[in-house]
Amino acid sequence: MNQLLKPVSFFLILLWALNSMGQNAPWVSYPSANNTGYGVYHFRKAFNLNKVPEQLIIHVSADNRYNLFANGQRVCYGPAKGDLQTYKYDVIDIAPFLTAGKNQLAALVYNGGADKPLAFISAQTAFMLRTENEDFNELNTGNAWKVYKNPAYKVISYNEMIFKNRWFYGFYACGGGDEVFAEKYPWGWETADFDDRNWLDTEPLVFEKQAPWNLVPRNIAFMDNHIEYPACIRKIEGTDIQTGKWNGQSKLIIPANTKASFLVDFETFTMGYPELTVNNGKGSSIQIKYAEALYEKVNIKAHRDSVNGLSMFGVWDIFHTDGGFRIFRPLWKRAFRYVQFNVETKSKALEIVSFQNEYSGYPYPEMATFESNSDSLNEIFEISKRTLRMCSGETYYDTPFYEQLSYGGDNRPISAISTYNSTDDRLLREVLRLYPQSENKETGLFKSAYPSQFDFDMGGWSMAWIQTLRDYYFMRGDSAFVKQFQNKIEGVLEFYQQHLDERTGMIGTVSNQSFIDWSITQGSIPRSNEKKEIQQSALLTLYYAHTLDCAAELFRELGLKEKANHWQKVSNKIKVAVYTSCRDNEKQLFRDYADKEIYSQHTNIFAILCDVVPPSQQKDLLNRILSFDKFDEMASSYFSFFLFKAMQKTGQENLFLSHLDFWYNFLKRGHTTCGETGFASHDRSDCHAWSAHPAYFLLSSVGGIKPADLGFKTVKITPHLGNLTFLKADMPHPKGRIEVEYEKNRKGLKTKITLPPGMKGTFEFNGKTKILNEGKNNFNL
């Protein structure tokens, strides 16, 4: 977004929202438009000002998306993702973009139709702009606004990308590609001098009762939008362009009557809106393909730095030139490390003037830092932190390249990473708030991911949402936020309570999806039978018990003691049932099923987290989990979050640094972000924030920074340095930054700790304790 954009106070936003409730919005559309079909539309409104006001606040929204311009300058884009129950509008002060005299507002609005991103919740094509100041009501949509349907766009559908061209095998949900014909495009449409006399008047949308969009103001930050440049050109075919360093700002010439391709490398994974500027070359066709990595064959990725002899599989856009000086920018964001240009010119040479990316992701303020004498460990922290950024937009993403969906289970580790790396909790609260709006009223469960167009429940992730609420509450102490979900929490708990088998005491038969982790071979666990039922699973039962414990903790802290006691009793009874039915006394492990010799790390990890075995036996069980070599299922890079939590619970955080094989392998394979599972059998996504939790554990377990009380008002610092001889880290906290620095020397541990104003705490190391006060605390132990 343009840096001139003025922030608008939350009070003003809230005041307007309460007064208007979003129901008087002047929605308009293109006359006789296909309400739900694919289309790109341009809206314009000219007006005059004798004097530019100090402030001119507008509200703007669209279905599916908009880009707003004032006098040819992009102001903002949106709206933030949501659903029809809480559809977002943006509050913008456009005064900095205006001049005395003639002015022009313009908006590009598009509907992705059947191929829109799966995270887009839509009613129909529509646009809305209104002012807060009645003196400027002429700017409201419907008052002499013009509209034009752009014939230059054609969607590159899912069917064409995935099935016809088979660019990869698997699930993709980020929307179709854009094919744009420059000769049909109304260039300059957003500027004041453009002639729109032949455009149509907008059609006001009139609804029998109320509009389908229940409007609420945006409650997260606008996206960061800094410019990024490529690093180099790695491969060339069909022309004499040189490989080597290229920042996208020096001109490349593709001769006439040429078929050529060249591969651009940004060197790190990124996302946003790539912008290609071209000149001349009338009739040329440019296919722009995007990928995380290159492939040895379909679904088999090579080392992420490798390009020679490899294939490019990825989604793409196509731009057909008209010989003018033109800029191509896709309608929706792309994610990539590599960009391949496949160019075919006609009778005129084509000039590629520049290529750059406008990064688009959540604008985290000052994040945590970590530095040690281990370069690899430092790099693991950085790729983990980058993964959080790449998987944070208007919601959290599971993967920015493949899906851009916010899954309830992914958000459990993401919330831990976020609260240790940022004090801006708005995005976390938004995904926690949105998710239960997908509730199935019959089951009380939520969709797998939301916002999304999914139509199935995901019981496992509904439980994970409760776990995440618990973690957020204990980090921030935000009782008002959490307490509003009391009924939703109990709805999830009651579903599984109704499915407890009276005979075994375990969850009997459930047919909804209850994903907990990917399998090391294929599919997911717990596994369903041929009827798609999960039966008598100790893993699912203990996952439920863990959720019950989290809910009971929440209710107890919120003063709901009766509910806390009820759900704790349910949990305790379940744990006895699992111990009785699934304990293998010879192996001293827990089976995944009472009647099957199937063992997973997962079930045994939850036996620790749920106190199925008493605390005195939990260290031994954890050691068996780490040493037993005949598990049928092993924890993925995602599920290692729970393994590391078990290390924390048993007081064995010293084990953490020796169990980072997944992340060392990511580095070995050239990753610049954390992969989806760490399993060779499931190497789909290179960027999955559920695997980025070293950015949490390196601070909490190795650096030793933990909340000492509810809401993190005080701190307890207990480092576990292993073989490290130096560590320096700091993390943001609502009161300021917490800083730690450790250096091992002959005298012991030289320690420097700085606490923000108003914070106290304790430091423990090798059985010794120090009291910490605000400010600098320097000592040797």
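Among the residues of region 363-381, what is the count of those that are within 28 Å of Y402 (Cα to Cα) and either among the basic types (K, R) or free of Cβ contacts under 8 Å to residues at least 12 places away in the same chain (or both)?
Counting residues in region 363-381 that are within 28 Å of Y402 (Cα to Cα) and either among the basic types (K, R) or free of Cβ contacts under 8 Å to residues at least 12 places away in the same chain (or both) gives 1.
What number of residues within region 95-130 satisfy the criterion of being over 23 Å from the mean Cα position of the chain (by Cα) and assigned to a loop (DSSP other than H, G, I, E, B)?
Qualifying residue count, region 95-130: 6.
With respect to the numbered conditions (1) in a loop (DSSP other than H, G, I, E, B); (2) out of contact with any Asp or Glu (no Cβ under 9 Å at 6 or more places or on another chain); (3) at pLDDT 85 or above; (4) farther than 18 Å from D135 by Cβ, which one is the sole condition not fulfilled by N34?
Failing condition for N34: (3).
Take region 274-305 and flag every residue that is farther than 20 Å from K251 by Cα and under 21 Å from the mean Cα position of the chain (by Cα).
Scanning region 274-305 gives Y290, A291, E292, A293.
Have a look at S415, S452 and point out the one that is of a type in the set (S, T, N, Q) and under 29 Å from Q498 (Cα atoms). Lay out the reasoning, then the answer.
Working: S415 fails: under 29 Å from Q498 (Cα atoms).
Just one listed residue meets the conditions, S452.
When both residues are 6+ apart or on different chains and their Cβ atoms are under 8 Å apart, which pairs have a first residue that lies in region 728-749 and is over 20 Å from L377 (Cα atoms) and touching a residue at least 60 places away in the same chain (Cβ under 8 Å), and a second that is of a type outside the set (V, I, T) and in a strand (DSSP E or B)?
Sorted first by the residue in region 728-749, then by its partner, the pairs are R737/D730; R737/M731.
Among the numbered conditions (1) assigned to a strand (DSSP E or B); (2) without any contact (Cβ under 8 Å) to a residue 40 or more places away in the chain, tell me where N247 comes up short.
Single failed check for N247: (1).
Among the β-branched types (V, I, T) and out of contact with any strand residue (DSSP E or B) (no Cβ under 8 Å at 6 or more places or on another chain): is that true of I220 in this structure? Talk me through it step by step, then tell me what you get.
Numbers: among the β-branched types (V, I, T): yes; out of contact with any strand residue (DSSP E or B) (no Cβ under 8 Å at 6 or more places or on another chain): yes.
Considered against the rule, which asks whether it is among the β-branched types (V, I, T) and out of contact with any strand residue (DSSP E or B) (no Cβ under 8 Å at 6 or more places or on another chain), I220 comes out as yes.
Considering only region 413-433, state which residues are closer than 15 Å to V482 by Cβ and either outside the structural domain of F481 (by TED's automatic domain parsing) or not acidic (D, E) (or both).
S415, T419, L428, R429, V431, L432, R433
If you go through region 625-647 one residue at a time, do you hit one that is surrounded by fewer than 16 Cβ atoms within 10 Å (Cβ to Cβ), over 14 Å from S700 (Cβ atoms) and of a type in the set (A, V, I, L, M)?
yes
Return the total of residues in region 273-299 being among the charged types (D, E, K, R), surrounded by 21 or more Cβ atoms within 10 Å (Cβ to Cβ) and assigned to a strand (DSSP E or B).
Let us first name the residues in region 273-299 that are among the charged types (D, E, K, R), namely 275, 282, 289, 292, 296-297.
Then drop every residue that is not surrounded by 21 or more Cβ atoms within 10 Å (Cβ to Cβ), which leaves 289, 292.
Subsequent filtering for residues that are assigned to a strand (DSSP E or B) retains 289.
Count: 1.
Go through region 308-329 and count every residue that is in a loop (DSSP other than H, G, I, E, B), modelled with pLDDT of 95 or more and under 28 Å from the mean Cα position of the chain (by Cα).
Count: 1.
So, in region 47-94, how many residues would count as being outside any loop (DSSP other than H, G, I, E, B) and among the polar types (S, T, N, Q)?
The first filter runs over region 47-94 and keeps only residues outside any loop (DSSP other than H, G, I, E, B), leaving 47-49, 57-63, 65-70, 73-78, 83, 86-93.
Applying the additional criterion that residues be among the polar types (S, T, N, Q) yields 48, 61, 67, 73, 86.
Of the residues in that region, 5 qualify.
Being of a type in the set (D, E) and in contact with a Ser or Thr (Cβ under 6 Å, 6 or more places away or on another chain) narrows it down to one residue among E344, E358; which is it?
Details: E358 fails: in contact with a Ser or Thr (Cβ under 6 Å, 6 or more places away or on another chain).
On inspection, the qualifying residue turns out to be E344.
Residue-wise test of (1) at pLDDT 95 or above; (2) out of contact with any Asp or Glu (no Cβ under 7 Å at 6 or more places or on another chain); (3) among the aliphatic types (A, V, I, L, M); (4) in the same structural domain as N572 (by TED's automatic domain parsing).
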| position | (1), (2), (3), (4) |
| --- | --- |
| L609 | yes, yes, yes, yes |
| V613 | yes, yes, yes, yes |
| S636 | yes, no, no, yes |
| F642 | yes, yes, no, yes |
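Against the condition surrounded by 14 or more Cβ atoms within 10 Å (Cβ to Cβ) and part of a helix (DSSP H, G or I), how does R556 come out, does it pass?
Numbers: surrounded by 14 or more Cβ atoms within 10 Å (Cβ to Cβ): yes; part of a helix (DSSP H, G or I): yes.
Judged against the criteria, R556 is a match.
Let's see how each residue does on (1) assigned to a loop (DSSP other than H, G, I, E, B); (2) over 30 Å from V315 (Cβ atoms):
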| position | (1), (2) |
| --- | --- |
| F644 | no, yes |
| Q648 | no, yes |
| F662 | no, no |
| G670 | yes, no |
| S685 | yes, no |
| L699 | no, yes |
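The values are calculated or read from the model by the stated rules, or taken from the named source; none is laboratory data. Keep in mind that this is a model prediction, so the values were computed, not measured. Cβ sites come from the backbone with ideal geometry, for glycine too, and all protein chains shown count toward neighbours.
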